[in-house]
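The values are calculated or read from the model by the stated rules, or taken from the named source; none is laboratory data. Just so you know, these numbers come straight off a predicted model, no measurement behind them. Here the Cβ positions follow ideal geometry from the backbone for every residue, glycine too, while neighbour counts run over all protein chains shown.
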Amino acid sequence: MSNWYANENEGWYAPLHQAATTTETPKKKGRTWLKALVAVLVVIGLITGSALLFPNKNTAPTIIKPSQREDADDSNDSNFGQFIIPRDDEDETMPDDYREFFENFYTAIEDSRTSINIEHTELPKDFSCTVAPAGEELSLQELYRRCSQSIVAISGYMNGKSGYNWGTGVILSEDGLILTNTHVIADCDRATVTLPDDTVCEAKLVGADSISDIAVLKIEAKGLTPAVFGDSSALEVGDSVAAIGNPLGEEFRLTLTRGIISAIERGINYKGHSMNLLQTDTAINEGNSGGPLLNMYGQVIGITNMKMMSSYSSIEGIGFAIPSVTVVKIINTIVKEGVVSGRPSIGITVGMIPDEAREKWPEKMPENGGLYIIDVAEGSDALAKGIQPGDIILEVNGRAVSETAELSAMKDELSVGDTLHFKLLREGEIVELDVALVDTNDVYG
């Protein structure tokens, strides 16, 4: 996954930069022939440009972090994560080995640990983030006036590099607790917060969790306007939502976009584990990371952290946010303990099996259902017990599985140290074994 400002991806965002700098030219009468010629040249240019923008049809689309900005030639690629989705390979011959097929079918998994070297501050006292009941529905104008005062810009700086991470944050407390995404400040040793009145404050780290992608910062301030959190569990597909954030850089701070909830509990693989996220068609771009997804009561019901993007086709309106019920729990744990621990993990990354794989390798694939194991994490009991990439999960604790959310839900009902019984398909043979759950931080922290 590449930084959006890297040379190979500049063309994708070029229209956005052009839109920000182009001035309108007054229209002139006459010269119909000239207008027609220009129109033909524009069409030719668009056709040629599309070939330049999308040169490689075999590059898989990925979910990228909408956060990072680079003003230097050196691209700092602190990968946020990649959403595992199929390539468009209808015109290509299927490989002989199903492992090769799945290696191409799924994007690579980035499972490196997050390093944050920002100076820590003392843990807050007597703070708790809560979910409020819904109030009166607001117009978009009322929502923006009320909620924009709780939104800040985050800049994360890396020692020895002139580039910086750019993102969004949400004010949690009147005295300067700030929420953002962990990936916004990943690999940084300094961070600043720009308030709605343009005041820039140095930030210290309260705590960060790379698994949930939630971080809490602290600035020295008084009289700030905290955001109000709503209940994401009450959402339904089709509900209207809005986002306020800082897409693409300083010049587009506090941009409002609107849309709907497109899906709930969308399972996304990130750093080897599954995140259950809200999906929305609200416009979310680089720099929106850490900002709020709002219901029409002006409440934060999600924290935007991902979007879908492709290097070979147009993908619009597929963005994601961490549900507020998850965010509130993580915030309260971070401000109380500084870290989040005790979450169980199997230590495997899985994906669904496409129909073309079942048709090509019927002797190696289950007739239906099953989850393909893409990666096994170092330090996990799954690796110690011999689970391998290429194994296919048929059953867990005697229950058939076919979706990542099913496996995640079963795991979340247990604790670190508990075991799961796996029935696997390996090279056409059945393998059964027990795997102990480990602390997520031990393998992905």
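Show me the strands (runs of 3 or more DSSP E) found entirely inside the range 273-388 where at least 1 residues are assigned by TED's automatic domain parsing to the domain that holds Ala132.
In the range 273-388, the matching strands (runs of 3 or more DSSP E) lie at 273-280, 292-295, 300-309, 319-323.
Residue check, Gly317 against (1) of a type outside the set (Phe, Trp, Tyr); (2) over 17 Å from the mean Cα position of the chain (by Cα); (3) surrounded by fewer than 19 Cβ atoms within 10 Å (Cβ to Cβ), all met but one. Which one?
(2)
Looking at (1) within 28 Å of the chain's Cα centre (by Cα); (2) surrounded by 15 or more Cβ atoms within 10 Å (Cβ to Cβ); (3) under 22 Å from Glu100 (Cα atoms), find the lone condition where Glu403 falls short.
All conditions pass for Glu403, except number (2).
Listed residues Ser162, Ser148, Ser115; which is modelled with pLDDT of 90 or more, surrounded by fewer than 19 Cβ atoms within 10 Å (Cβ to Cβ) and among the polar types (S, T, N, Q)?
Only one candidate qualifies: Ser148.
Restricting to the range 113-162, name every residue that is among the charged types (D, E, K, R) and touching a residue at least 12 places away in the same chain (Cβ under 8 Å).
Arg113, Glu119, Glu136, Glu137, Glu142, Arg146, Lys161
Can you spot a residue in the range 134-145 that is in contact with a strand residue (DSSP E or B) (Cβ under 8 Å, 6 or more places away or on another chain), at pLDDT below 95 and assigned by TED's automatic domain parsing to the domain that holds Ala234?
Yes, the range 134-145 contains at least one residue that is in contact with a strand residue (DSSP E or B) (Cβ under 8 Å, 6 or more places away or on another chain), at pLDDT below 95 and assigned by TED's automatic domain parsing to the domain that holds Ala234.
Name the residue, out of Thr225, Thr257, that is buried (at least 18 other Cβ atoms within 10 Å of the Cβ), at pLDDT 95 or above and either polar (S, T, N, Q) or under 14 Å from the mean Cα position of the chain (by Cα) (or both).
After applying the criteria, what remains is Thr257.
Could you check the range 286-297 and list, in sequence order, the residues that are of a type outside the set (D, E, K, R) and crowded, with 24+ Cβ neighbours inside 10 Å?
Initial filter on the range 286-297 (of a type outside the set (D, E, K, R)): 287-297.
Once the filter is applied, which keeps residues that are of a type outside the set (D, E, K, R) and crowded, with 24+ Cβ neighbours inside 10 Å, the range 286-297 yields Gly287, Asn288, Ser289, Gly290, Gly291, Pro292, Leu293, Leu294, Asn295.
Would you be able to say whether some residue in the range 395-414 is over 24 Å from Glu265 (Cβ atoms) and outside the structural domain of Tyr98 (by TED's automatic domain parsing)?
Within the range 395-414, not a single residue is over 24 Å from Glu265 (Cβ atoms) and outside the structural domain of Tyr98 (by TED's automatic domain parsing).
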